[in-house]
Amino acid sequence: MTEPQEAEVVSRERAALVRAVTPWQRIKGVIVYCLRTPMLVAGVLLLLALFAIGWVGPLFVDTGLADPTSAPPDLPPSRDYPLGTDDQGRNLLAVAVVGLPLTLRVGLIAGAVALGIGTLLGILAGYLGGVVDAIIRGLADILLTVPTLVVLVTIAASIKQVISVEIMALVVASLAWMWPTRTIRSQVLTLRERAYIQVAKMSGRRTSGVVFFELLPNLLPYIAASFVTSTAAAILASVGLEALGLGPQNEPTLGMTIYWAIRFDALIRGLWWWWLMPIVLIVALFIALFLTSAGLDAIANPRVYRGRNKRRRTSQPPAGATL
Amino acid sequence: MADIYGSDEPGPRNGGDAMRRVLARIGLFFLVVWGAATLNFFLPRIAPGDPVRQRLFRMTVQGGYTQQGVEEMVAAYQEQFGLDQPLWLQYLRYLGDVAQLDFGYSLTLFPTKALDIIMVALPWTIGLLTVTTLLSFLLGTLFGALLAWRKSPRGLNILAGPLLALSAIPYYMLGLVLVYVFGVILKWFPLSGGYASGTLPSLNLDFLLDVVWHSILPGASIVLATLGFWALGMRGMMVTTEGEDYMVFAEMRGLPDRTIFTSYGVRNAILPQFTSLALSLGHIVSGALLVEVIFTYPGVGSLLFTAIQESDYFVIYGIVFMVVLSIALATLMVDLVYPLLDPRIRVGGQS
């Protein structure tokens with residue numbers, strides 16, 4: 001007598017559970033879940049604040065002042081020039097407002113391109129397998145052993161005369177797609193065997209349909225986490241190249257500002273405000289990206305998160321190595 | 001990279017198979033080095049306006065030969081640099097030269113070979129980076145192990161946050177701050193250079209002390225910025241090790257804490273750290289290019305910086321090739337030696 005009743009109760013509870021998840025509740029659940037990782041919240045807030053400098057700044061500061069000889073040179077911070085001026089007469093506050101978005105643009109373009117290539121190759125390798133997989137994986141593995149930043153130096157030095165923000169981004173992206181490829185590939189490998197993919201395949205869906213409607217949506221958390229990581233790596237690479245003098249020569253990006261400061265001995269001459277502005281902004285940017293990616297990672301792979309360091313470490317050199 | 005060496009396919013591992021994998025790994029090494037050399041050869045040639053030719057041309061113009069026979073001068077230079085031959089012949093000749101580490105002449109210090117200039121700078125960089133990498137490894141690993149150790153003082157965890165933050169920023173940024181605070185304001189340490197100006201490099205105690213004195217600030221910025229990486233890695237491994245039964249058993253046997261910590265904990269957790277160390281040692285040539293620039297330390301980084309400014313392409317390509325070569329060598333050695341250290345990889349493969 002009691003058995004069917006219990007089963008009924010269980011099935012009713014289950015039905016209630018299924019019914020309970022409305023889209024709004026799902027979004028709310030995601031928000032609550034995100035709030036449980038304070039790192040992500042802090043990182044995103046800091047990122048938004050940095051983006052805001054680029055959006056809101058031009059309303060208050062004349063961006064034309066970021067050009068050379070628009071102010072008296074070498075002035076320390078004062079009421080008229082809150083962040084001082086540099087050797088060539090740029091208003092450093094205007095440089096910050098113009099330069100930060102440029103640096104972010106390099107990072108975002110490079111990150112997006114690298115991620116696009118990585119996602120495409122990762123899905124191809126993971127989903128098709130066989131020879132395609134062997135070639136893509138082999139290529140990525142070989143390129144991972146190469147010190148990318150030093151190779152980027154060769155490329156950038158060869159096209160130094162024609163380099164612009166966009167070309168810079170493409171140069172950086174050309175050697176930044178390997179980690180996304182590996183991450184996405186390994187995820188595709190596990191997703192490929194899931195029942196819903198198999199069902200979709202057996203129901204006669206075309207490969208493109210399976211990839212776009214079944215595979216890709218489930219890859220989104222990993223793609224988001226990869227995007228932040230590859231953007232951070234791209235910014236690191238581009239700022240490093242620029243500080244070596246290999247950036248867009250006429251654009252006041254943060255890296256180029258550091259380069260000019262080093263070039264004109266700002267350190268020894270005691271012009272601390274010249275290099276402090278780009279450094280503070282870049283450090284804030286890296287911390288924001290680090291917190292965001294750590295938070296996203298915790299959401300994307302809650303189970304493997306604890307063991308993550310162990311797995312990654314054998315192949316990835318320390319952050320910022322080679323520069 | 002380990003993927004290639006320890007192949008995924010399960011199967012009997014006999015001697016021939018291991019031999020095949022070793023040969024494949026060595027083949028990969030040559031592939032990487034050849035790729036780098038080829039890139040160095042073709043990049044300037046496909047780049048808009050062939051920068052090397054432009055640079056040579058500009059040099060002849062600057063040399064005051066503008067009035068007469070510019071064409072002949074360029075032709076002479078082209079012959080000297082082998083630029084007048086068909087591309088494939090240039091390429092073969094180039095590969096032959098690179099195999100002997102001959103990168104051609106420096107364009108700014110013409111009769112000097114690029115390799116000679118690089119060889120002067122190389123010991124400085126290798127010295128600085130070897131010491132700082134080892135120091136950072138030791139301190140970081142110890143700190144990471146203590147972070148995971150249950151019986152460490154609580155205050156230790158406060159340090160973890162700042163270290164994490166430091167490892168997230170590029171280390172030349174830290175260098176700029178350090179040089180300003182300790183060099184410009186406090187004047188405790190020299191601002192720049194690898195040794196006091198006016199002295200000549202020689203092998204006596206005074207000079208060596210001077211070198212160490214000049215290396216403290218650049219060294220400190222590298223150590224501080226990489227410490228977090230080692231600490232995090234070690235903490236991760238140590239946490240797993242702490243949960244093992246043999247740790248509980250060791251404690252129940254009443255072994256002293258120090259013994260449990262070093263012989264049971266650290267000893268079992270440290271193996272992956274050694275892999276990372278070997279890989280980082282491969283980076284000692286390129287390790288901290290910009291730190292050197294900031295401190296005008298007479299190493300490869302400063303050389304690269306000036307070479308880029310003066311468009312001294314043969315020096316740039318030479319440095320890049322040397323860096324790729326050293327890192328490829330280091331990963332090759334790690335991949336060949338690691339299976340001897342860790343039998344699990346030899347038997348089980350990577351999957």
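When region B:272-296 is limited to residues that are at pLDDT 80 or above and more than 9 Å from chain A (Cβ to nearest Cβ), the one that is farthest from A:Ile262 (Cα to Cα) turns out to be B:Phe274. Scanning region A:284-299 for residues that are under 16 Å from B:Leu166 (Cα atoms), among the aliphatic types (A, V, I, L, M) and either out of contact with any Gly (no Cβ under 6 Å at 6 or more places or on another chain) or surrounded by fewer than 22 Cβ atoms within 10 Å (Cβ to Cβ) (or both) yields A:Ala284, A:Leu285, A:Ile287, A:Leu289, A:Ala294. In this structure, does A:Pro68 turn out to be surrounded by fewer than 19 Cβ atoms within 10 Å (Cβ to Cβ) and either outside any helix (DSSP H, G or I) or among the basic types (Lys, Arg) (or both)? Here the answer is yes, as A:Pro68 does meet what is asked.
Does A:Arg185 satisfy being away from chain B (no Cβ under 11 Å), surrounded by fewer than 24 Cβ atoms within 10 Å (Cβ to Cβ) and either among the basic types (Lys, Arg) or in a helix (DSSP H, G or I) (or both)? Criteria met by A:Arg185. Can you name the residue in region B:290-306 that is in contact (Cβ under 8 Å) with a residue 40 or more places away in the chain and hydrophobic (A, V, I, L, M, F, W, C) and is also nearest to B:Ala36 (Cα to Cα) among such residues? Looking at residues that are in contact (Cβ under 8 Å) with a residue 40 or more places away in the chain and hydrophobic (A, V, I, L, M, F, W, C), I get B:Val300. Would you be able to say whether some residue in region A:268-284 is modelled with pLDDT of 60 or more, in a loop (DSSP other than H, G, I, E, B) and not aliphatic (A, V, I, L, M)? Yes, there is a match, as at least one residue in region A:268-284 is modelled with pLDDT of 60 or more, in a loop (DSSP other than H, G, I, E, B) and not aliphatic (A, V, I, L, M).
Looking at region A:198-221, can you tell me whether even one residue there is part of a helix (DSSP H, G or I), more than 30 Å from B:Val291 (Cβ to Cβ) and within 14 Å of the chain's Cα centre (by Cα)? Outline the logic, then answer.
So the first thing to find is which residues in region A:198-221 are part of a helix (DSSP H, G or I), and the list is A:198-202, A:207-221.
Filter once more, so that each one left must be more than 30 Å from B:Val291 (Cβ to Cβ): A:198-202, A:207-221.
Now narrow it down to the ones that are within 14 Å of the chain's Cα centre (by Cα): A:221.
Checked region A:198-221: at least one residue is part of a helix (DSSP H, G or I), more than 30 Å from B:Val291 (Cβ to Cβ) and within 14 Å of the chain's Cα centre (by Cα).
For region B:245-271, taking the residues that are surrounded by fewer than 21 Cβ atoms within 10 Å (Cβ to Cβ) and within 14 Å of chain A (Cβ to nearest Cβ), the one that is farthest from B:Met173 (Cα to Cα) is identified as B:Asn268. Within region B:212-243, restricting attention to residues that are away from chain A (no Cβ under 14 Å) and without any contact (Cβ under 8 Å) to a residue 40 or more places away in the chain, the residue that is nearest to B:Ala165 (Cα to Cα) is B:Ile216.
Every listed requirement among (1) in contact (Cβ under 8 Å) with a residue 40 or more places away in the chain; (2) part of a loop (DSSP other than H, G, I, E, B) is met by A:Tyr81 save one, (1). Looking only at region B:297-340, filter to residues that are in a loop (DSSP other than H, G, I, E, B) and not aromatic (Phe, Trp, Tyr); which one of those is farthest from the other protein chains (Cβ to nearest Cβ)? Here the residue is B:Pro298.
Taken together, B:Gly175, B:Gly254, B:Gly198, B:Gly183 contain a single residue that is assigned to a loop (DSSP other than H, G, I, E, B) and modelled with pLDDT under 85, which is B:Gly198. Scanning region A:96-113 for any residue that is hydroxyl-bearing (Ser, Thr, Tyr) and within 14 Å of another protein chain (Cβ to nearest Cβ) turns up at least one such residue. On the stretch given as region A:225-245, residues that are surrounded by fewer than 24 Cβ atoms within 10 Å (Cβ to Cβ) and at the interface with chain B (Cβ under 8 Å from one of its Cβ atoms) total 1. Filtered by the rule that a residue be surrounded by fewer than 24 Cβ atoms within 10 Å (Cβ to Cβ) and not in a helix (DSSP H, G or I), region A:85-105 gives A:Asp87, A:Gln88, A:Gly89. Within region A:246-268, the residues that satisfy the criterion of being within 11 Å of chain B (Cβ to nearest Cβ), farther than 23 Å from A:Leu47 by Cα and free of Cβ contacts under 8 Å to residues at least 40 places away in the same chain are A:Tyr259, A:Ile262, A:Arg263, A:Asp265, A:Leu267, A:Ile268. Scan region A:261-274 residue by residue and report those that are at negative phi and surrounded by fewer than 24 Cβ atoms within 10 Å (Cβ to Cβ). A:Ile262, A:Arg263, A:Phe264, A:Ala266, A:Leu267, A:Ile268, A:Arg269, A:Leu271, A:Trp272, A:Trp273, listed by residue number. Among the residues making up region A:199-225, those that are in contact with a helix residue (DSSP H, G or I) (Cβ under 9 Å, 6 or more places away or on another chain) and not aliphatic (A, V, I, L, M) are A:Lys201, A:Arg205, A:Thr207, A:Gly209, A:Phe213, A:Glu214, A:Asn218, A:Pro221, A:Tyr222.
Of the residues making up region B:140-172, those that are away from chain A (no Cβ under 14 Å) and either part of a helix (DSSP H, G or I) or surrounded by 14 or more Cβ atoms within 10 Å (Cβ to Cβ) (or both) number 9. If you go through region A:126-175 and pick out every residue that is among the polar types (S, T, N, Q), at the interface with another protein chain (Cβ under 9 Å from one of its Cβ atoms) and outside any loop (DSSP other than H, G, I, E, B), you end up with 3.
Going by what's in this entry, would A:Pro73 be described as surrounded by fewer than 18 Cβ atoms within 10 Å (Cβ to Cβ), farther than 30 Å from A:Leu215 by Cβ and free of Cβ contacts under 8 Å to residues at least 24 places away in the same chain?
Working: surrounded by fewer than 18 Cβ atoms within 10 Å (Cβ to Cβ): yes; farther than 30 Å from A:Leu215 by Cβ: yes; free of Cβ contacts under 8 Å to residues at least 24 places away in the same chain: yes.
Against the criterion (surrounded by fewer than 18 Cβ atoms within 10 Å (Cβ to Cβ), farther than 30 Å from A:Leu215 by Cβ and free of Cβ contacts under 8 Å to residues at least 24 places away in the same chain), A:Pro73 qualifies.
The residue pairs whose first member lies in region B:151-176 and is more than 14 Å from A:Phe286 (Cα to Cα), whose second member is of a type in the set (Asp, Glu), and whose beta carbons are closer than 8 Å, counting only pairs six or more residues apart or on different chains, are B:Lys151/B:Asp257.
The values are calculated or read from the model by the stated rules, or taken from the named source; none is laboratory data. Computed from a predicted structure; not experimentally measured. Counting neighbours? That spans all protein chains shown, and the Cβs are built from the backbone with ideal geometry, glycine included.
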